[in-house]
Structures are given as structure tokens and as C-alpha cells.
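Colleague: I am attaching a structure below and will ask some questions about it afterwards.
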Amino acid sequence: MTEKIFYAAAAMGEKVRGPALVAKDGFSARYDLDRIRGVFSRPEHKLAGQSYLGRILVLDVAKGGVATAWMLYDMMARHMMPAALVLNAVNPIMVQGAALAGTTLISGFDCDITEAIPEGATVEIDPAAQRPYVKLIEPGT
Amino acid sequence: MKLNDEERSMLAGEQGPFRRWAIDHQIKVGSYLGAPDFVPIVQAHIMADTESLGLAGVEWLERWAGLPAVQRRVRVPTITDPRGTDFAASARIKHQSWMLDLERRAVAAFESFGVLMTNTCINYQTIMPPVRGEHAAYGDTGVVIYSNSVCGARSNFEGGPSALSAGLTGRTPRYGFHLDERRQATLVVEVRQTPSELSDWGALGGLVGRLAGDYWQVPALVGIDRVPSSDEMKHFGAALASFGSVALFHLVGITPEAARGGDVIPSQQRLRRHVVTAADIRALQDGYCRQIDAVDLVVFSAPQLSLMEMSRVADLLDGRRATIPLLAITSPQVKPDADRMGLTGRIEAAGGTVLSGMCFYQSYAREMAEANGWKRLATNSAKLTNIIGGYGYKPALLSMEACVDVACAGGRLVQ
């Protein structure tokens, strides 16, 4: 297949590759996650009940309050983190949380990234590239 | 980001490793979000309950607490959001000893930084409301949106690490709502009926938040036909921030930056427009209530209750008896007044429990549910209904009066 590259407005963290978990829905660590079990717990969330551990989360926008800024650090320490966060739009909290935790975050695309990346696809993120990008390596379902 | 001599000194570690970490963290955040430089701030406000911090976060704080005082103390007045427990009443809500131990450790660390432990999310009602044009680093979405919108102050959402950084450096990256151009409306919402109950204001905030969609949107509301009270603004803003992650709104003809629509609605742009009716507000509330026919407890919290709200709860309970748990959660500043004026006594004589310095969803809500057998709750806080589902609860959004009725009817919801 031909690799597809989606360039982003901003990114931080390490280069990562992994399977994508995709939904056209928002993201907040406090509102949406059972951080003990590592699953989406908000009943209305499109990923409710699914594990996010080790997955590259591809979601629409950062939602909710300020708690995510601390929670990502604790999740990282307990090895209960997604592999990276890919969002159409961030709020400052997601950036602050990623900065403290040292996790990979990328956002701001010319397209709707939740439409562009299929569920289960293998993707690569390079925040340090001259133009930060998400690369679609293998298609998912 | 452009740095001045002071900022370069901090980044070089000349003022100790804590300030070096703080300014480096702020540069990472500011660079991501396009800040050209820093802006001095007058206050910082830190959200840091231990359910969010976790053990890793508390240990991280403690590492800095071991530094010499000159290297670890904040440089501008820095206060705190609600904690994860009310130490004086923790047994009544079955908080466990490990939670209290973690809380004590976090409090000790913050005190060593010179942070003032106000433990409140209504500091704009009780501590020191910001003045129009002041730059601040507030760390609670409800505080940010109220301060920006009602007071005309300037703050972004500053999570705990960033608010702490701002306290240490006395500045914050200049992006988002510190900038004039970000404070213009991006959508217009016509409100067909001005809400009356606090829960209606919250529901309106929830609806506008869903319409807004993300942090960078600024809704301007038209059609509000009277000046809302501070508590009404509080519930509206808290829900708007929670449902939409929104940090600033304008009520045309009411809030300080929107004396006229043209002040905030750019004439050269066609903004998207929406209409919200009374039926929309009812539909949001009914959507929660349809999920359940009874509740296990009633919660007044999120935000903490003002003295006026405490007074109303006491009035509604007079001569009655709550037969399921009813929690009224306020700030450590309001609580002594509520005690002195007999409000606490009246609420508790009717079977309620008054808590202070915490907030329900920030206080180990999942563990409280398991320890107390709570699965369904009624509240007049739209913000709480939006959050608490993720902790395993099924919420009902009712007026304060209806919540008290439910508490006195054994939890049965009257449709």
C-alpha cells in the first residue's frame, strides 16, 4: 500500500509506532477513563469498555477539566498509558499533562484525523520531524 | 519563546532546580500553543487532589519539598482547589486511611512551597476575585471561566503542574485568553428563555458547551433578559466549561467585555448561530432522569456551595427529614459562617451532611461508591452529572428543591 502522511500543527514527545484506537469523540482522563483498569468507562463514550493500554489514541478534541494535567503523569508511572495521543484539537490541559508525563502528543491537521486513520491501523508519529506527522503504515479495519 | 534575563536565569538553573523545571515546563507548553513570550501574573490556583495526583504525583511533589526554602517557595499568591477529603468528616463518607495519608503528604508538600491551602473552587466568591484585565493562572475550569467572563480577568486553563509553575516563576505563557484577539466571540447563541433554577442555568451551560465544541470557542449569548446572580453565573459557567471545555463566554449587555454585541461579535465575520429554547433545557435534564427511577444519595457540590446556597438547602430541609444521604459540600471559607449562623446545624438535624474543602468528584468518587453502596445520585449540578458517569454513577439532574424532595422521599424520583 502507499503510505499516507498527515502533517500536524504541533507535537511533543518521542517517536512512536503502534496500533490506533480511533473514535470521533472527545478525551479527558478524568471524565472518560477508569485509570485503574485501563479502560474507557464513561458510558456515553464511543470507546466505552475498550482498553486503551498501549494503543495510539486517535480522537477528536480534548475535553473536560484540568485533572488530566496530573493524571497522565500518574498513569505513566503505573504503566497504564496509551502509547500516544493524536487529537484534532487540544486544550492547554492536554499539552500540560503531556509535557509533565513526557508522553507523545500531536494535534492540528488539515483533515479530520479520526476519519483519516482507520480503527486498528498501525501508525507512526514523529514529533521531532521538521514537520511533525502521523504516518499510516498499515490499514486497520 | 522570547525570554528576558530573569527567565533565562531560571532556565539556566541559577535559581534552583525547581524553578528551572517550572520555566522549562512553561516553555514546552507555551511553544506548543504558540506563545511569543511570558506575561506576569497576580495569582495562581492549583488543582491537586490526590485522586488526580496519584502516588506518583505526591512523590513528585515531595522531591521538591526537600529543597532549601529560597528555591522552593512560590513568588505570587498561590492558592488551592478542593482537596480529596474533608479531614474532619472523612469517616462519615468512608474515606480510607490511605487516602488521608496521601492527602496529608500532598498538603505538607504544598505548604512547604508557601502555597495557601484555601481548598476552594469558588475563590472568586470568597477569597479575592480578580480585577478586569488582571492576568492569572487559575487551575479549575469553573474558576477560569467565571474569572474570564464575569470578572474580565485573563487566564487559560492551568492544570496543577502549570499553575504550580506559574506560582514559582510569577508568570505564564502568553497565549489563548491572555490575548485580545482570542477573546472575541466565535459563535452566537440566542437564548429564548432565561433560566430560573440553578440547575436550569447549568443545563443551559451544558447545551452551549456542546454547541461550542472545544476550548478555543467563545460563545456570545443574546436574549438573557436579566442580570444573573453570582451563583447562576457559577453554575452556568461551570457546566459550560465542563461540557465544552470552554474558558470564556460573553452575555451581551451583561458581562464586562460585552456591553454591546459589537464589542465581542466581529462585524466582518459571519459567525455560526444557534438557538436554545426552554424545551432544549428540559430535554437535557430529562435525558439524565430517564435513566433511573430512584437514587441512593443527593449531592450538592461542583462547584462548592456559596453561603446563599447553604442557606437555601437549610430552608428547604426545615421541618423535614432526609432518609437517604444528602451531602452539602462547601468551601472552608463558607463553612465557619454556615456553622455560626446555624445553617450546618439545621442541615444536619434534618439528616444531611455538611462537608467542606473537598468536592464530590474530586474526592475518590469511585471508592466512595464502592464503600457506601452508591450507584445513583441526584444533584442540581449539571457539571457533576457530566463528570460522574465516568466514575460509575448514574446521575439525575434536578432543581435544588426537587433534590431535597427526593432525599426526603427515600430516594424515589417523582417524574
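Colleague: Name the residue that is farthest from the chain's Cα centre (by Cα), counting only residues in the stretch B:307-320 that are assigned to a helix (DSSP H, G or I) and not aliphatic (A, V, I, L, M).
Modeller: That would be B:Asp315.
Colleague: Now for a separate question. For residues in the stretch A:1-25 being modelled with pLDDT of 95 or more and in a loop (DSSP other than H, G, I, E, B), which is nearest to B:His25 (Cα to Cα)?
Modeller: So, considering only residues that are modelled with pLDDT of 95 or more and in a loop (DSSP other than H, G, I, E, B), the one nearest to B:His25 (Cα to Cα) is A:Gly13.
Colleague: Considering each residue of the stretch B:231-286, count those that are hydrophobic (A, V, I, L, M, F, W, C) and within 14 Å of another protein chain (Cβ to nearest Cβ), and give that number.
Modeller: 9
Colleague: Name the one entry in A:Val134, A:Val123, A:Val90 that is in contact (Cβ under 8 Å) with a residue 12 or more places away in the chain and under 23 Å from B:Ile387 (Cα atoms).
Modeller: A:Val90
Colleague: If you go through the stretch A:47-83 one residue at a time, how many are surrounded by 16 or more Cβ atoms within 10 Å (Cβ to Cβ), more than 8 Å from every other protein chain (Cβ to nearest Cβ) and assigned to a loop (DSSP other than H, G, I, E, B)?
Modeller: Residues flagged as surrounded by 16 or more Cβ atoms within 10 Å (Cβ to Cβ), more than 8 Å from every other protein chain (Cβ to nearest Cβ) and assigned to a loop (DSSP other than H, G, I, E, B) within the stretch A:47-83 amount to 8.
Colleague: Being surrounded by fewer than 19 Cβ atoms within 10 Å (Cβ to Cβ) and within 14 Å of chain A (Cβ to nearest Cβ): is that true of B:Arg192 here?
Modeller: no
Colleague: What do you reckon, is A:Arg30 outside any loop (DSSP other than H, G, I, E, B) and basic (Lys, Arg)?
Modeller: yes
Colleague: Evaluate the following for B:Tyr364: is it touching a residue at least 12 places away in the same chain (Cβ under 8 Å), crowded, with 24+ Cβ neighbours inside 10 Å, on the phi > 0 side of the Ramachandran plot and hydroxyl-bearing (Ser, Thr, Tyr)?
Modeller: yes
Colleague: Could you say which residue among A:Val90, A:Val123, A:Val86 is surrounded by 24 or more Cβ atoms within 10 Å (Cβ to Cβ), under 23 Å from B:Ser242 (Cα atoms) and more than 10 Å from chain B (Cβ to nearest Cβ)?
Modeller: Step by step, each of A:Val90, A:Val123, A:Val86 is checked, and only A:Val86 is surrounded by 24 or more Cβ atoms within 10 Å (Cβ to Cβ), under 23 Å from B:Ser242 (Cα atoms) and more than 10 Å from chain B (Cβ to nearest Cβ).
Colleague: Pick from B:Val275, B:Val189, B:Val246, B:Val264: which is among the β-branched types (Val, Ile, Thr), more than 28 Å from B:Leu398 (Cβ to Cβ) and either touching a Phe, Trp or Tyr at 6+ places or on another chain (Cβ under 6 Å) or modelled with pLDDT of 95 or more (or both)?
Modeller: Just one listed residue meets the conditions, B:Val264.
Colleague: So, B:Arg72, is that one away from chain A (no Cβ under 11 Å), of a type outside the set (A, V, I, L, M, F, W, C), more than 30 Å from A:Ala10 (Cα to Cα) and surrounded by 15 or more Cβ atoms within 10 Å (Cβ to Cβ) or not?
Modeller: yes
Colleague: So B:Thr255 passes all but one of these: (1) crowded, with 21+ Cβ neighbours inside 10 Å; (2) over 30 Å from B:Glu309 (Cα atoms). Which condition number does it fail?
Modeller: (2)
Colleague: Among the residues of the stretch B:387-415, write down those that are within 27 Å of B:Pro195 (Cα to Cα), part of a helix (DSSP H, G or I) and not charged (D, E, K, R).
Modeller: Correct list: B:Ile387, B:Ile388, B:Gly389, B:Met400, B:Ala402, B:Cys403, B:Val404, B:Val406, B:Ala407, B:Cys408.
Colleague: For the list (1) under 23 Å from the mean Cα position of the chain (by Cα); (2) aliphatic (A, V, I, L, M); (3) assigned to a loop (DSSP other than H, G, I, E, B), I need the number of the one condition that B:Met1 fails.
Modeller: Unmet condition: (1).
Colleague: Which count do you get for residues in the stretch B:225-252 that are β-branched (Val, Ile, Thr) and surrounded by fewer than 22 Cβ atoms within 10 Å (Cβ to Cβ)?
Modeller: Total meeting the criteria: 2.
Colleague: Go through the stretch A:93-104 and report how many residues are at negative phi and more than 7 Å from chain B (Cβ to nearest Cβ).
Modeller: 5
Conditions tested, residue by residue: (1) buried (at least 19 other Cβ atoms within 10 Å of the Cβ); (2) part of a helix (DSSP H, G or I); (3) in the same structural domain as B:Tyr124 (by TED's automatic domain parsing); (4) modelled with pLDDT under 95.
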| residue | (1), (2), (3), (4) |
| --- | --- |
| B:Pro303 | yes, no, no, no |
| B:Ala322 | yes, no, no, no |
| B:Ile329 | yes, no, no, no |
| B:Lys335 | yes, yes, no, no |
| B:Glu348 | no, yes, no, no |
| B:Val354 | yes, no, no, no |
| B:Glu370 | no, yes, no, no |
| B:Thr385 | yes, yes, no, no |
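Colleague: Just give me the residues in the stretch B:238-278 being free of Cβ contacts under 8 Å to residues at least 40 places away in the same chain and part of a helix (DSSP H, G or I), in sequence order.
Modeller: Residues satisfying the conditions are B:Gly244, B:Gly262, B:Asp263.
Colleague: Pick from B:Ile281, B:Ile292: which is of a type in the set (A, V, I, L, M, F, W, C), crowded, with 18+ Cβ neighbours inside 10 Å, in a helix (DSSP H, G or I) and in contact (Cβ under 8 Å) with a residue 60 or more places away in the chain?
Modeller: Exactly one residue qualifies, and that residue is B:Ile281.
Colleague: In the stretch B:127-213, which helices (runs of 4 or more DSSP H) lie fully inside it and hold 1 or more residues that are within 18 Å of B:Gly237 (Cα to Cα)?
Modeller: In the stretch B:127-213, B:141-149, B:198-212 are the helices (runs of 4 or more DSSP H) which contain 1 or more residues that are within 18 Å of B:Gly237 (Cα to Cα).
Colleague: Another one. Restricting the search to the stretch B:128-185, which residues are in contact (Cβ under 8 Å) with a residue 24 or more places away in the chain, away from every other protein chain (no Cβ under 11 Å), buried (at least 22 other Cβ atoms within 10 Å of the Cβ) and of a type in the set (S, T, N, Q)?
Modeller: B:Asn148, B:Ser149, B:Thr169
Quick grid of which residues meet (1) more than 10 Å from chain A (Cβ to nearest Cβ); (2) surrounded by fewer than 22 Cβ atoms within 10 Å (Cβ to Cβ); (3) closer than 24 Å to A:Val95 by Cβ:
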residue: B:Glu6; (1), (2), (3): yes, yes, yes
residue: B:Gly13; (1), (2), (3): yes, yes, yes
residue: B:Gly34; (1), (2), (3): no, yes, yes
residue: B:Val42; (1), (2), (3): yes, yes, yes
residue: B:Ile46; (1), (2), (3): no, no, yes
residue: B:Ser52; (1), (2), (3): no, no, yes
residue: B:Ala91; (1), (2), (3): yes, yes, no
residue: B:Ser97; (1), (2), (3): yes, yes, no
residue: B:Arg105; (1), (2), (3): yes, yes, no
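Colleague: Still on this structure, I have one more. Given the conditions (1) charged (D, E, K, R); (2) under 25 Å from B:Val334 (Cβ atoms); (3) part of a loop (DSSP other than H, G, I, E, B), and given that B:Arg75 satisfies all but one, which numbered condition is not satisfied?
Modeller: Tallying (1) charged (D, E, K, R); (2) under 25 Å from B:Val334 (Cβ atoms); (3) part of a loop (DSSP other than H, G, I, E, B), B:Arg75 fails exactly one: (2).
Colleague: Which of the residues spanning the stretch B:111-127 are buried (at least 22 other Cβ atoms within 10 Å of the Cβ) and farther than 16 Å from B:Leu305 by Cα?
Modeller: Answer for the stretch B:111-127, where residues must be buried (at least 22 other Cβ atoms within 10 Å of the Cβ) and farther than 16 Å from B:Leu305 by Cα: just B:Val115.
The values are calculated or read from the model by the stated rules, or taken from the named source; none is laboratory data. Note that the structure is a prediction, hence the values are computed from the model and not measured. All Cβ positions, glycine included, derive from the backbone under ideal geometry; neighbour counts span all protein chains shown.
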